[in-house]
1. For region A:41-75, what are the residues that are under 23 Å from residue A:102 (Cα atoms), within 8 Å of chain B (Cβ to nearest Cβ) and among the small types (Gly, Ala, Ser)?
2. So which of B:344, B:351 ends up being of a type in the set (A, V, I, L, M), part of a helix (DSSP H, G or I) and in contact with a Phe, Trp or Tyr (Cβ under 6 Å, 6 or more places away or on another chain)?
3. Could you go through region B:515-529 and let me know if any residue there is more than 22 Å from the chain's Cα centre (by Cα), at pLDDT 85 or above and at positive phi.
4. Considering only region B:106-139, how many residues are open to solvent by 10 Å² or more (accessible area, probe 1.4 Å) and farther than 19 Å from residue B:169 by Cα?
5. Tally time: how many residues in region B:589-606 are more than 7 Å from every other protein chain (Cβ to nearest Cβ) and either open to solvent by less than 30 Å² (accessible area, probe 1.4 Å) or among the polar types (S, T, N, Q) (or both)?
6. Can you find, within region B:607-633, the residue that is farthest from residue A:228 (Cα to Cα) among those that are more than 7 Å from every other protein chain (Cβ to nearest Cβ) and aromatic (Phe, Trp, Tyr)?
7. Quick check: is even one residue across region B:546-563 at positive phi and either in contact with a strand residue (DSSP E or B) (Cβ under 6 Å, 6 or more places away or on another chain) or of a type in the set (A, V, I, L, M, F, W, C) (or both)?
8. Which number in (1) closer than 30 Å to residue B:211 by Cβ; (2) touching a helix residue (DSSP H, G or I) at 6+ places or on another chain (Cβ under 8 Å); (3) modelled with pLDDT under 80 marks the one condition that residue B:31 misses?
Amino acid sequence: MNAYNLSLLQGLVFMATGPLVVGTLRWVKARLQRRQGAVPLQTYRDLAKLLRKQPVIPQTASAVFLYAPVAIFACYAAPGFMAPVLALPREGPPGSGDLVILIALLALARLIMGLAGMDAGAPFGGLGSSRELFLNVLTEPTLLFVAYTLALTCSTTDLASVMAGCFREKIPAVYADPPMLLLGISLALVLLVEAGRLPVDNPTSHLELTMFGKAIHLEYGGPQLALLEWAEALRLTFLITLLLNLFAPYLLVSADYPLWLNALLALLFPAKLLLVTLALALWESLQAKMRLRAIVTPALTALVVAIIAVILAIAERYMLTG
Amino acid sequence: MAYFELSPIIMLALACHLAGGAAGIFLARFAKRTGQAGTHLALTLAMAGGGLVAYLGACYWLDPMPEPVTIASLVRGLPSSFPTLRLELFADRLAAFFLLLIGMLSALVALYSFVWLKDKAQKNRIAGMYNLFVLAAWLMVIANDVYFFLAFLECMTLVFTFLTMYRHNLLLQQPSEQVDPEEMVAAERAFKVYPVFSHAGVILVTVALVLLALAAGDASFDALRDLSLEGKPGLANAVFLLALAGLGIKGGFSPAHPWVSIVHPYSPTTTHALTLGLIIKVSSFYMLIRILFEFLSPVAWWWGVLVLVVAGATALVGVFYAITSRDLKTALSNHSVENMGIILAGVGLALSLSSSEYNAWLGQDMFAAPPPLAGLALVAALYHLLNHTAFKSLLYLCTGAIENRTGTVDLEKLGGLVHRFPWTSITFLVGAVAIAGMPPLNGFVSEWLTLQAVFAGHNLVAMGQPWLAVSLIALLLMLGIAFGLTALAFAKITGEVLLGAPRRPEISASEKNGDVPWRMRATLLVLSIVCLCLGLFPGTVANQLAEIPHDLLKLEAPLSFGTSATTLEYDVSLQSVEGKEQPRPYQARLAMLPLLAGIGLPAVLGLVLSWRWRRLSGELWTGGAAYQPEAMQISGSAFSYMVWSWLEPRKEGKRPPVGEEVEQAGTSTASEWLPWRLNLSEGRRVREPFRQIIDAAVGWLITTSEQFGNWFQGGDIRRYLGYLFVTFIIMLLVAVLWQ
C-alpha cells in the first residue's frame, strides 16, 4: 500500500466509524440510565433515513444555509485524510497533518456553523451561533498551547512526526512525564468541551434555549441535517482518536504489513475507540446538569493545565539539568 | 545601472500625482460647470500614478538600487555641525515591497472611487487629496534621509487630517435641524483627535531619529545604517523606546489604539480602504523595521519582550472592541488594530532572535548575522502585512459598496443583503473568512507562520532569560484568544450585515436596483482572487518575501521555504543546552494540495449525498408565533454578550432592573474628548478603560498646565523682573561654559 492509498483508506474508515461511536455512546448511556436504548447501529439507520428525504429550506435562507452542512462535514472529515488516524507513516507524510492546521479546520467548521445559524434569521439559530463561537474562543487557545507543548518536546507540530518519531519511542516514559500527562488531561477536557459532551449543553432536550450547536440544527432537515449529524460524530471521533493515538499508538496500520492485516486492523479501529467511548458515557451519566456559563470553568481549567504543561516542558528542556 | 534609467518614471509618477492633486483641488471651484470631469481627471491620474509606482516597485524588487541617488543637496547656509540636508532616494527590497503595495492598492482604489465618489459632495477635493496622500506615502518610503522622511510623514498627517473632515463637512451642508447633534460632535472629534495622536507620534519619532542622526553626524539613512551603538546602551534604549512609542502611536498599538476607531470611520470609505488597509502599516511598520533591524545594533534582549507583550495586548484589545462596535466602519477599524498586533508579534520575535545576547549565547560574535529563525519570524510579519492589505482593503471596499447601495453602515439596520447583492456578499464573505484566519485563504497562512515562529522561538528561552519565556507564553495566550474572538467577530458582523432577513424595512425600501456597477465589482473580485492566491501559493510568496529579511538582517544563507509553490516548509536547527541532548531541528510544513484534497473529497461526497433538484421552501420555526425579522433575529450585542458583559458599567456592582433604562450607567457626554462608554445598543454600554485612562491623563495634563500657567503669569511686576534676572544668569552661564 502506498501512502496515498493509505490516507484514502483511513479517511474512509474514519468517516464510516463516526456514527458508530455516537451510536455506542448513546446506547451505553441508555443502558446506564436503565433504559433499553437503541442499538449502536441506529445512527446509521437515522442517517440513511434523513439522506432519503427531501430538504425543506426556510424562505429567508440563502445559499450559505444550503451549503454550510457540506462545508462543515468536509472540515470535520478532512482530519481523517490528513492526520494519522489509522496509520503512522514513518517518513514525511503525504497529507498535511499539522496540528495547527487541524485546529484551524475545527475553527473553520465553527465559523461556518455560526454563519449558517445566522442565515436562516431564526431566533434560536442565532443563539446557537453565539454559543458555538464562544466555545471556540474558549478552546482555541488551549489547543494552541497543546500544540506548543508538542513543539517543545518533539520540535514539530506535525502529528505524524509527533506520534511516530516522538511519542512512540518513549511510550512507557510518557506516562511518567509531567508535561505529557498534563497535555493528556488538557486534551481530554477539550474533548469534553469541544464535542458538546458537557452537562451544560443539552442536545437531546426539547428545550431550544438549552442547546448549543443543536439550536442551529433546528432549521435543518433531510440530507442537510444528516450531514450535520454525521459531522458532529466525526468531530467527537477525531478528538478521541487524537488522544488515543498520542498515548496508546497500538494496533496501527502500516505500509509494511500485507493487505489482509491492514484490513483487519482497519476493522479493529472502532473497537479501539470503544474504551474512551465507555469512559465518556460513564462520565456524562454521572454529571448533573449545569447552567450555561458553567462551561467556562472546565474550559479555563483545560487552558490552565495546558499552560502549566508548557511551563513544565520549557523547564524540562532548558532549565532542569540531569 | 537600472536605477538611473528608471528615474524618469519616478518623475512621471510624481507629475501624475501632483497634477491629479492640482486638478482635483482647483477644479473643485468650478465643480458646477465641469461636473464629473475634475474627479475623473484626478482619479485617472491617480490610477496612472499608482500603476507607475507599482512598476517602479516591481523593478526595484527585481533589481534593488545598489546605492542611494542624491536628487538635491543643501550644504551652504547651514552651520557646520548641522547634518547635511539633502534629498536622497533609495529603494532596497523593503522599500520596493511597500512601493509595490502602495502602487497597486492605490490604483485599485482609484478605479473603485470612480463609482463611489459619483454624486458625492466634495468629490473633486477628495480625489485631489487622494493623489497627494498617495504621493506623500510613496515618497516617504523611498526617502533616504531623516529630514525628508519626517517631512513626508508630516505631509501624510496633514492630508489625512483634511480627509477626516469629510463627514463633518457633509453634516455642515445639511439643514441644521436634520443633523443629529451627537453625530456632529463625533464627526468633529475625528479631526480634533487625529492631529493630537499623530503629532504625538511624529514628535517621538523625530526625537528618536534626530538622536540617531546626531550620534552618526549625518542625517542620511546610510550613515545611520553604518552607526554602531556599541558601548552606548543608554542611547540605544532611548531610541528604541521612543521609536516604539512614536511609531506605536502612528500604528495604533495598544494602549494608543483609540484614535484609530475614532478617526477613520469619518473619512470617505474609499480612502478608508487605503489608509487602514495599507498606509497605517506604511507609517508605522516600515520605519519600525528599519530602525529595529537596520539602525539599532546591538539589540538588547528585553526589547523583544516588551514588543511581544505590546503585540499580544494590541491583538486582543483590537478584536475585543471590533466586537463591541456598532457600525461596520468602526468595527473594521478596530479590527485593523488586531492585525497590527499579529504583525508586531512577528517583528518582536525577530527582534528577540536577533538580539546580541542570543547571538552571544549561540557562540557567535555579537554583531554576527542573526540565526535564520529571526528571518523566519520577519517573513511571518511581512506575510501577514501583505495579507492584511489584501483582505482588509477588500472588506473596506465591500463596506463602501454596501454604503453605496443601502446608504448606511449601521450594523443594526442592515441584514439579508446576500439575497440582493450577491457579488458584494460573496466577496465580503471571502474577506471575512480570510481575516478570520481560516484555511485555505491567506489569513490562515500568515497566522500559521506566526504561530510556527513562536513555537520554534522557544529556543530563545535557552539563553536563560525567564522573562522571554513569560512573554512568549503571554503572547501565545493573547493571540489564541484573539484568533478565537476574530472568528466570533466576523461571524457576528457577517451575520448581521449579509445574512438573515432585513432588519429594517425602510433600508430595504431605499435600495438601489441591482448590485454594484462593474468597476466596483472588478475591484472586489480582483482583491478576492488575490486573497485566494496568497493562500494557495504560500511557498512562492514566502520564498519571495524571504528576500527582505535576507537583505535586512544580512543573513548568511538564503532563507528557503521549500521548492513547491503550494507548500510552505522549513527546517531550522535549534541550539542545545549544556547537559542536554541535541534537540531535533524544528520542522514545519503547510501543504495546501493535501489540505484541499482532504477538504475536497468529503465535500464532493457531501454534495452528492445532499443534492436534490427540488427543494421545498418552508416557514421558520419561531415557537409558533408570527415571524418578525426586526425583533426575532439575534442582535449583535446579544450575539457577543458573553464576551463583553464583564465590561458593562454598573453602579456599585448591581445589575440594573430588567426593562428599566440604565440611567445610572451614564451615557457618553458629547463634550468628552475620548468617549469611553461605548453604546452597543439601547441601554447597553461597555467601558473602554484605555480611553478612560488616556482621557484622564490628557485632562490632568491640561488642568495642570493651566494652573502652572496661571501661577507663572501671576501679574506681579517683581515676578517678571525675577524671570528676566534668572534668564540673564542662565545666558551668562551658557556663554561661559560654552567656551
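1. A:71, A:74
2. On inspection, the qualifying residue turns out to be B:351.
3. Scanning region B:515-529 turns up no residue that is more than 22 Å from the chain's Cα centre (by Cα), at pLDDT 85 or above and at positive phi.
4. Residues in region B:106-139 being open to solvent by 10 Å² or more (accessible area, probe 1.4 Å) and farther than 19 Å from residue B:169 by Cα: 8 in total.
5. 2
6. Here the residue is B:627.
7. Yes, some residue in region B:546-563 is at positive phi and either in contact with a strand residue (DSSP E or B) (Cβ under 6 Å, 6 or more places away or on another chain) or of a type in the set (A, V, I, L, M, F, W, C) (or both).
8. Status for residue B:31: all satisfied but (1).
The values are calculated or read from the model by the stated rules, or taken from the named source; none is laboratory data. It should be emphasised that the depicted structure is a prediction, and the values quoted were computed from it without experimental measurement. When we count neighbours, we look across all protein chains shown, and the Cβ atoms used for this are built from the backbone with ideal geometry, even at glycine. Remember, those area values only see protein heavy atoms, side chains included, never the ligands or the DNA or RNA. Shrake-Rupley method; radii C 1.70, N 1.55, O 1.52, S 1.80 Å.
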